[in-house]
1. Quick one: Gly245 ticks every box in (1) touching a residue at least 60 places away in the same chain (Cβ under 8 Å); (2) more than 20 Å from the chain's Cα centre (by Cα) bar one, so which box is it?
2. Mind telling me which of the residues Asp19, Asp46 ends up being open to solvent by less than 20 Å² (accessible area, probe 1.4 Å), of a type in the set (D, E, K, R), at pLDDT 90 or above and under 20 Å from Ala307 (Cβ atoms)?
3. Scan segment 287-322 residue by residue and report those that are of a type in the set (Asp, Glu) and not in a helix (DSSP H, G or I).
4. Pick from Tyr31, Tyr113: which is touching a helix residue (DSSP H, G or I) at 6+ places or on another chain (Cβ under 6 Å), open to solvent by 30 Å² or more (accessible area, probe 1.4 Å) and more than 23 Å from Ala312 (Cβ to Cβ)?
5. Run down Ala39, Ala84 and say which single residue is of a type in the set (Gly, Ala, Ser), in contact (Cβ under 8 Å) with a residue 12 or more places away in the chain and open to solvent by 10 Å² or more (accessible area, probe 1.4 Å).
6. Sort out which residues of segment 323-343 are assigned to a loop (DSSP other than H, G, I, E, B) and either at pLDDT below 55 or open to solvent by 50 Å² or more (accessible area, probe 1.4 Å) (or both), and write them in order of number.
7. Can you tell me which of Ala123, Ala119 is touching a Pro at 6+ places or on another chain (Cβ under 7 Å) and modelled with pLDDT of 95 or more?
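The values are calculated or read from the model by the stated rules, or taken from the named source; none is laboratory data. Remember, predicted model here, so these are calculated numbers, not experimental data. Heads up, the Cβs are rebuilt from the backbone with ideal geometry, glycines too, and the neighbour counts pull from every protein chain shown. For accessibility, only protein heavy atoms count, side chains too; no ligands or nucleic acids. Shrake-Rupley method; radii C 1.70, N 1.55, O 1.52, S 1.80 Å.
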Amino acid sequence: MKAVIAAGINHDNPLSVLDVCDMPEPEPRLYWSTVSVKAATVNHHDLWSLQGVGLAESQTPMILGTDAAGILDEDIPGRHGLKAGSEVVLYTFVGNDGCGVMPGERRTILSEYYPGTMAEKTAVPSANVFAKPANLTMDEAAALGTSWLTAYSLVFTAANVKPGDTILVQGAGGGVSTAAIQLAHAAGLEVFVTSRSEARRAKAMELGADAAFESGARLPRKVDAVIESVGAATWGHSVRSVRPGGTIAICGATTGDQPGAELTRVFFQDIRVQGNTMGSREDFARLLRFVEHADLHPVIDAAYPMAEAPAAFARMAAGDVFGKLVLRVGVWRSEDGLDPARR
């Protein structure tokens, strides 16, 4: 089968070890299910894997990809089990609750220990297969497993905000930040966003943000929580922008993970810093219901065929993205019916 892989590890030039090639199909595994992938999105985790973060040279070649939407290959037994041919989305954390693995196996995301989703077929524990929300396309559904699950858990679990609270989303434009804006708006939160780009600030307002500011700008008032995925470039602003007793919920550090900690301000104002990596299976189930009930649609910046995966990864690395970049796994080249132009 065709797959997008990390052929090796290269910290300084990660795209040099990215390859699109033939790989073996998943082997049958008890209590696991196989899915024919139709769409997967590109995440920073995929770039980090190419650099050796969470992936050792000895584990390559490794199929990349941490989320997917596709078609279930075989029935899942049980009273409420999905049937072969069902349109599905995948929860891709493995080992955090014992489903489909040996007791005590450490938590991993697909593409760290088990092959990822950027392939014509992928396999996950059967408990990780969910029906695709009926209101979404395959491209949109592919964004849910990583960025949208992370945003849902950040806003409603890590930040623990309530309708009527105010949150600040740093760095409007990324997959997590665009998801957080939409989810928070739909839940009745007041949403502030920041971006260096005037165009991105305007797009964030279209998604439901109540106010948009230049990066580092003084806010009208302090917020109840900050959704932080940028890291060093925005950390100081996050600490200054949250109210005493408020929360900074952090899921990433795309501009670096060694900011000035500003510990005096953190402890003197009782600021809570809560890390978050994706979310629980229960969070994922709730997210799917929320997305369908509120008719939310992930923002897709562009879609690429598999053969053009290097171009998609280069776009991600350059940061020239608003929303998600999708790989349409069922399409090999643009001439097969896909125009990868930006939407």
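1. (1)
2. Only one candidate qualifies: Asp46.
3. Within segment 287-322, Asp295, Asp301, Asp320 qualify.
4. Going through Tyr31, Tyr113 in turn, the sole match is Tyr31.
5. Ala84
6. Gly330, Trp332, Arg333, Gly337, Leu338, Asp339, Pro340, Ala341, Arg342, Arg343, listed by residue number.
7. Ala123
For every residue, the table says whether it meets (1) over 18 Å from Val17 (Cα atoms); (2) open to solvent by 40 Å² or more (accessible area, probe 1.4 Å); (3) in contact with a Lys or Arg (Cβ under 7 Å, 6 or more places away or on another chain).
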position: Gly54; (1), (2), (3): no, yes, no
position: Ile71; (1), (2), (3): yes, yes, yes
position: Pro77; (1), (2), (3): yes, yes, no
position: Cys99; (1), (2), (3): yes, yes, no
position: Thr122; (1), (2), (3): yes, no, no
